[in-house]
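K.L.:
Can you read through this structure? Questions will come right after.
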Amino acid sequence: MVARMDQNRITIFDTTLRDGEQSPGASMNLDEKVRIALVLEEMGVDVIEAGFPIASNGDFEGVSAVARAVTKATVCGLARATRGDIERCAEAIRPAERGRIHTFISTSPLHMKFKLQMEPDKVLQAVKDSVGMARKLCDDVEWSAEDGSRTEHDFLCRCVEAAIAAGARTINIPDTVGYAVPDEYGALIAMLFNRVPNIDQAVISVHCHNDLGLAVANSLAAVNNGARQVECTINGLGERAGNAALEELVMALRTRHDRMPFTTGVKTENIIRASKLVSAITGFVVQPNKAIVGANAFAHESGIHQDGVLKNAQTYEIMTPESVGLNRSTLVLGKHSGRAAFKSKLKELGWDLGDNAVEDAFRRFKDLADKKKEVFDEDIEALVDDEVLRANDRIRFVSLEVVCGSKHRPPSASLELEVDGETRAHTATGDGPVDATFNAIKALFPHEVRLQLFQVNAVTQGTDAQAEVTVRLEEDGKTVNGQSADTDTLVASARAYVNALNKLLVKRQKTAPEALSA
């Protein structure tokens, strides 16, 4: 029987580094994966699914690096129900203080017939064999019934019982395609508790996708019916419409403890920091009206709302900004601020940088402060993201000079890039200044890609605000997002394109096997 000190304690299983990275364009390099993993561990996440080791050498190295870096959380790798996947996963997580193999196979009639082309009896045998094999290599084994929410109940019960008997101590019932609705999904979990005889020997987990916008609601319904592990991602990142958002799940449990008397180990004050880090690394901008972490989540423009909040914040705020890490700024920086104040501000914002990184960031801060009257927290976070998260780029932005206007001559861009340590310069023309800049990049680093998205947002308000530019590139079905910020929109555009190009170079090295991930 699985021993649990607290039956109301919910295990938080974060799969940002695995399912989140499978979002088109959300590739991460090894250092970025480790950095996110350490922030997740500091936040109090229980299990970190670090990747899919069989997918590529890069994914294997990423999982292994996270396993070496993390000391408190369990580090998990994903594996299909095959010997090669499971052995590769076991090897990747071997350095971990606590490791887990997460193996899965499809169980729904649709998936078994068209994806696996296997009869149910063979699938059931594969469940037994794969879990048994994983159990010999690792004490902690999780098994997932892919497309579990569309699986026939009798067969699902047989598979769950067999997986537990073979040694799985966590059983995951995914809503792989986001098809379930809360009452239906909660009833599915309750059914397993009523019908599977050895269910008390495992922790029941849920992994919900957000195709109908119900991932968090379905996860909470499952918890209310006995699930004690929830699989989720920062910012709801994930395939298609994404996964259940960690921040929404955790804050729902904390805020509505009266209706859901469950606890987690997550330090919620770290949520904003984790959200911003994942957004910066992946290039996926958080929508302003996103629950918990969106820019407008604690903003009030309506006069009635403002009046109420000024009298008592609880009139329109069901949680405090501080509870998720939105601390009130106590230090305003400007062009006269020195290193000590800058370092203090970095610490206040949750950044712990090495001396060289601090110097680089401080130099960019002084340049920015010369251009702006007041430097906001968002400005500092944007420039630190830009400086620190591009440390391993092969292509680096050096300088840009653009000539454009209303006169009858084509806009031109004179660009300098550093490519593998070599400085290159080129002047190109285009239909506009952005087009000219991108043409110059293509001339300096020849490549064939399709520009899918070019998006500009202001980091803060005012005409001197930094422009945050997101660029999405597509090549042979692979998409990547690049992001950068600068007071000059064209400079930010060039940096964002270069950032996307660097990510595409990483993506070229990754060739994932055909698999849908629970």
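K.L.:
Quick one: Kirkwood hydrodynamic radius for the chain, alpha-carbon pairs, angstrom, one decimal?
P.N.:
24.3
K.L.:
Hey, any idea what Rg/Rh is for segment 11-282, computing Rh the Kirkwood way over Cα pairs?
P.N.:
Across segment 11-282, the Cα-based Rg/Rh ratio is 0.94.
K.L.:
Starting from the Cα of Lys345, draw a straight line to each of the lysines and keep only those under 18 Å, dropping any in the same chain fewer than 8 residues away.
P.N.:
Excluding near neighbours in sequence, the set is Lys276, Lys335, Lys366, Lys372, Lys373.
K.L.:
Counting helices only, and only those DSSP H runs with n ≥ 4, report the 222 nm mean residue ellipticity of the chain as the sum of -39,500 (n - 2.57) divided by its residues, in deg cm²/dmol to the nearest 500.
P.N.:
It lands at -12000 deg cm²/dmol.
K.L.:
Another question, if that's okay. Can you pull the Rg over Rh of segment 395-508, Cα-only, Kirkwood? It would help to have the intermediate numbers written out before the result.
P.N.:
Working: Rg = 13.8 Å, Rh = 14.3 Å.
Here Rg/Rh amounts to 0.97.
K.L.:
Mind ordering 194-200, 152-158 by average Cβ neighbours within 10 Å, highest first?
P.N.:
152-158, 194-200
K.L.:
Another question about this same structure. Thr423 versus Arg508, label points 7 Å from Cα toward the beta carbon: distance in nm?
P.N.:
Between Thr423 and Arg508, the label points sit 2.5 nm apart.
K.L.:
Then there's this: Lysines within cross-link reach of Lys128: Cα-Cα under 28 Å, excluding same-chain residues under 8 positions apart?
P.N.:
Those lysines meeting the cut-off are Lys113, Lys115, Lys136.
K.L.:
With each pseudo-label sitting 7 Å past Cα toward Cβ, what's the His336-Glu359 distance in nm, one decimal?
P.N.:
Simple spin-label model gives 2.7 nm for this pair.
K.L.:
Mind ranking 333-343, 89-99 by how tightly packed they are, going by the mean number of other C-beta atoms within 10 angstrom, highest first?
P.N.:
Descending packing order for the listed peptides: 89-99, 333-343.
Each value in this text was obtained by applying a stated rule to the coordinates, not by laboratory testing. Fair warning: this is a prediction, and the values are worked out from it, not measured in the lab. Glycine also receives a Cβ, built like all others from the backbone with ideal geometry; neighbour counts cover every protein chain displayed.
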